[in-house]
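These notes are about the structure you will find just below.
The values are calculated or read from the model by the stated rules, or taken from the named source; none is laboratory data. Because the structure is predicted, anything quoted here is derived from the model rather than measured. Backbone-built Cβ (ideal geometry, glycine too); neighbour counts: all protein chains shown.
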Amino acid sequence: MRVRISGVVGRTMMAAIAVSTGGIAGSAAGAAALPTRAAETGAVSQTPPPPPVPQRRGGGRRSDGGPPFTRELVATAVEVIPLGPAGLLELKTGTGHVSVVAGSGRDVRVEITRRSRGRTDADAQLGLDQVKTTLDHHGERAVLAAVYPDRRAPYRVEVSYNVTAPANTRVIANVLNGGVTIRQIKGDVTATTSVGSITLERVGQIPAARTFSGDIVLRDVETTGTVLATSVSGSVTADRVNARRFEVETMSGAVTTREVTCLNAQVRTLNGAITYVGRLVSGGRYHLQTHEASIAIGVAGSTGFELQADAITGEVRTDPALNLKGASSTRERVRGTVGDGTARVTALTFSGTVTIEKK
Amino acid sequence: MRTCEEAQPHLSAYLDGDLPEEARAEVRAHLRQCADCSGVLADLERIAVAARELSPIPPPGHIWLEVAGQVRLSSQSAPPAQKRPARSPVWQWTALAAALVLVTMAWYFVQGSLEAPAPEGTAVMQAGQTVPADGPLDAVNANIDAATAYTERALAELEGAADPEMADALRTNLQTIGAIDRAIEESRAAMAADPESEPARDSLFEALRRKISVLQATATLINQMRQGDQEGAARAAEGLGKKS
């Protein structure tokens, strides 16, 4: 078991500090401005640190109305964690990015970047001194967490993780403010951020991708389980997803899927359009719902289905090529069966248009 | 128990296995011959399932029974409906509304951990409190109003103290409430025009569910952010995907 604070003990391979002003990181002159810490670590990082988390409206301002945080210090360190081929890696940070990609090595390698901003170099340095990461490693499970001792401090510190891990590693990423990107990981992946986008590519299992504010991109996902993606403000895009269950929910944002194959799809948004293009499965259930936008369904393959489509104040349009049988149709409501009707498709919009086409 | 009026007051206890065997047998016999009461029982089961799936902190088990009972009793005081099929829209409406009340109540269990008290002049439903006679939906709306006011207040605190950028993002999120409110009003209007419209009803409850979900998750997130708790924030996000 190892429990430690980064940069103090353990197998930290390299740590470096660079200093910048006005948001420009990595200058040697800046490094010289911090002789004590530079001497401790003995090197200036040769790897460019990840870009800072984009600042939204009012970025850098403080609620006390003082000047913005323009002084910036950056420190990097590397952790090598022997988790085994299918270990569980949990990554936690307040503000910062998390990026995980599969590598060929046997160990997990994490590059930790701490980017501290303050009104003065002293304040920024205080941020680096006080905001640490802790590693709690037990056998095949490791938790790497950023620890913020004082959230009302005169600095703001982003802690980002750039991870290379064995492909079958299971990953849990929890971020308050920042994006999550995970690629090529075949173990279970759970990505949660409060404010930030999530991109999951060529991953094998997705128990969940959740954000309050940000887009979600799922690409080349192959799983026998559930793909779950939820956002409040943000769009969801899914390309080439093969799953047993596909569940997407957002409030204000579009949902676009291409080449999705699943047994059960639940796609809901409030004021975004839904485009669902995929192959239906015999016995499958597919429900698509929005309120003030349109739903476009492109049905690939030959599986028959029952159709129940409603547009309360809008319109439902069906492609004649579907050869809809037993259709009970009005402008705003269509019921009917295509082929053997073994799957079931329901679509509901309040004021938009529902369109069903054969692909 | 020959009549629905005799049987229905015992359905909650029947569902929970709290009835003596003799009364249980009588209810069972009535259910075998009464599609309406079977439908009510099914709806109560649905509420129980909804309560079990509540996040992030499920209320104590007895809470849903109390609410379900109150909703059921308040519905009994309404004029009897015409001959209706099992699981009629009226009962589905009632059951779904009860589920929404439960979600709102769970929200108050959660926000009980927040420092700030609920805003003055707003109605907060407590365990065992009777649902107003003018309908469960009004109770849902009263709680939604209180939740909205509380969330605004918590957000203002966050802006003034911890993280103004995050507060900006969350405020943007809360602006989606405006779209949800439009959806609620449009759906209500559609239901008024056609009370039997299943799509309009589904649309209304989906909008209500979403509003509670956003308020609940945002308030929980604010609370966790004030504590610098990423795991708590993750749990708040989990609430978004839950169905009431």
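Some observations on this one:
- A search for C-beta distances below 6 Å between a residue of segment A:86-114 that is closer than 15 Å to A:LEU176 by Cβ and any residue that is part of a loop (DSSP other than H, G, I, E, B), counting only pairs 6+ apart in sequence or on different chains, returns A:GLY94/A:TYR148; A:THR95/A:VAL53; A:THR95/A:GLY178; A:GLY96/A:GLY178; A:HIS97/A:PRO50; A:HIS97/A:GLY178; A:HIS97/A:GLY179.
- When A:SER282, A:SER329 are checked against the criterion of being away from every other protein chain (no Cβ under 14 Å), of a type in the set (Gly, Ala, Ser) and assigned to a loop (DSSP other than H, G, I, E, B), A:SER282 stands alone in meeting it.
- Considering segment A:314-329, and only residues there that are at pLDDT 90 or above and of a type in the set (A, V, I, L, M, F, W, C), the residue that is surrounded by the fewest Cβ atoms within 10 Å (Cβ to Cβ) turns out to be A:ALA321.
- Odd one out for A:ARG156, checked against (1) closer than 26 Å to A:ARG240 by Cα; (2) in a strand (DSSP E or B): (1)
- Qualifying residue in segment A:336-352 (condition: closer than 25 Å to A:GLU222 by Cα, of a type outside the set (Ser, Thr, Tyr) and part of a loop (DSSP other than H, G, I, E, B)): no
Residues checked against (1) out of contact with any Phe, Trp or Tyr (no Cβ under 6 Å at 6 or more places or on another chain); (2) without any contact (Cβ under 8 Å) to a residue 40 or more places away in the chain; (3) buried (at least 21 other Cβ atoms within 10 Å of the Cβ):
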residue	(1), (2), (3)
A:SER160	yes, no, yes
A:VAL171	yes, no, yes
A:ASN174	yes, no, yes
A:ARG183	yes, no, no
A:THR192	yes, yes, yes
A:PRO207	yes, yes, no
A:SER213	yes, yes, yes
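- If you go through segment B:192-203 and keep only what is within 10 Å of chain A (Cβ to nearest Cβ), crowded, with 19+ Cβ neighbours inside 10 Å and in contact (Cβ under 8 Å) with a residue 12 or more places away in the chain, you end up with B:ALA200, B:SER203.
- Flag for A:VAL203 being part of a strand (DSSP E or B) and either out of contact with any Phe, Trp or Tyr (no Cβ under 7 Å at 6 or more places or on another chain) or away from chain B (no Cβ under 11 Å) (or both): no
- Candidate set from segment A:229-268 (those that are touching a helix residue (DSSP H, G or I) at 6+ places or on another chain (Cβ under 6 Å) and surrounded by fewer than 24 Cβ atoms within 10 Å (Cβ to Cβ)); member that is nearest to A:ALA293 (Cα to Cα): A:SER252
- A residue that is touching a residue at least 60 places away in the same chain (Cβ under 8 Å) and outside any strand (DSSP E or B) occurs nowhere in segment A:251-272.
- Enumeration of residues in segment A:137-158 that are within 13 Å of another protein chain (Cβ to nearest Cβ) and at pLDDT 90 or above: A:VAL143, A:LEU144, A:ALA145, A:ALA146, A:VAL157, A:GLU158
- Candidate set from segment A:273-293 (those that are closer than 24 Å to B:ALA217 by Cβ and surrounded by fewer than 23 Cβ atoms within 10 Å (Cβ to Cβ)); member that is nearest to the chain's Cα centre (by Cα): A:ALA273
- Filter pass, A:ILE297 being within 16 Å of A:THR355 (Cβ to Cβ), at pLDDT 95 or above and either within 14 Å of chain B (Cβ to nearest Cβ) or surrounded by fewer than 19 Cβ atoms within 10 Å (Cβ to Cβ) (or both): no
- Among the residues of segment B:204-214, those identified as under 12 Å from the mean Cα position of the chain (by Cα) and more than 7 Å from chain A (Cβ to nearest Cβ) are B:PHE205, B:LEU208, B:ARG209, B:LYS211, B:ILE212, B:SER213.
- Any pair with Cβ under 6 angstrom, 6 or more apart, that starts in segment A:142-154 at a residue that is aromatic (Phe, Trp, Tyr) and ends at one that is modelled with pLDDT of 80 or more and surrounded by 16 or more Cβ atoms within 10 Å (Cβ to Cβ): A:TYR148/A:GLY94; A:TYR148/A:VAL131
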